[in-house]
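The values are calculated or read from the model by the stated rules, or taken from the named source; none is laboratory data. This one's a predicted model, so the numbers in the text were calculated from it and none came from an experiment. Virtual Cβ from ideal backbone geometry, glycine too; neighbours counted across all protein chains shown. We work out accessible area using only protein heavy atoms, side chains counted, and drop any ligands, DNA or RNA first. Shrake-Rupley method; radii C 1.70, N 1.55, O 1.52, S 1.80 Å.
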Amino acid sequence: MKIEYDFGSSGENLAAFSLYFIRHRKDFSRNFTLEKALLHLLETLSVSELLLLRDEQGAIVGYASFRRQQLDGQPHPRGEVAFVDSVVLEEDHRSSRVFVQSFRELVRYMLENYRGVQFFQFHALADQPYLNRLYGKFAEITGQAAGIHGPENIYTADIAKLHSYLTSFK
């Protein structure tokens, strides 16, 4: 199964992503209502970039929404943090290989396009033991936040070290 990586925020990509996000919002959280999903899109699309994962037929099978921000969490074009808002990969495309390759591609893009970024950061629901074990392999919990779906762990990693870790997998 081959995955194509489509970075970009063209009008066509934004529309395709918005539809995909709304249709797959329950993959992100079981409690993600349509209203909350629409608000999330309105809040993040103007400050975020997109990575769309496409299958061999060009259909979207996953995405990452990300931005650059300051350590205090405020979006900033020269912030030192590469922050991932959300990621979803369809269940039939989930595998260790696809996860590592897609993650590596995202971090590579950030290092090439976000000069001066020092940290990679994201949140994960605290009540998700599998995800928290997985994320603990390459990032540290540096705080907690009250998310719209419940308490979240804030994960942070040195982006250069994270890149080295991800490129160690072939």
* **P(r), alpha carbons of the stretch 114-160 - 5 Å bins starting at zero, rounded %** => 5, 23, 30, 20, 13, 7, 2
* Just tell me which aspartates and glutamates come within less than 16 Å, Cα to Cα, of Lys36; anything on the same chain fewer than 8 places away is out. => Asp27, Asp85
* Asked: At a 1.4 Å probe, what is the % contribution of carbon and sulfur to the accessible area of the chain?
  -> 53 percent
* **Dimensionless Rg ratio for the stretch 72-170, taking C-alpha atoms and the 2.2 N^0.38 Å reference** => 1.08
* Unit charges on C-beta of K, R, D, E only; dipole of the chain, Debye -> 340 debye
* To do: Could you tell me which of rounded, prolate or oblate describes the chain, using a ≥ b ≥ c as the square roots of the eigenvalues of the alpha-carbon gyration tensor, with rounded for a/c under 1.5 and, failing that, prolate when a/b is larger than b/c and oblate otherwise?
  => rounded
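On average over all directions, what projected area in square nanometres does the stretch 1-49 have, based on the convex hull of its Cα atoms?
The directionally averaged projection comes out at 4.1 nm².
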* To do: Would you list, by chain and number, the lysines whose Cα falls below 29 Å from the Cα of Lys161, excluding same-chain residues fewer than 8 positions away?
  => Lys2, Lys137, Lys170
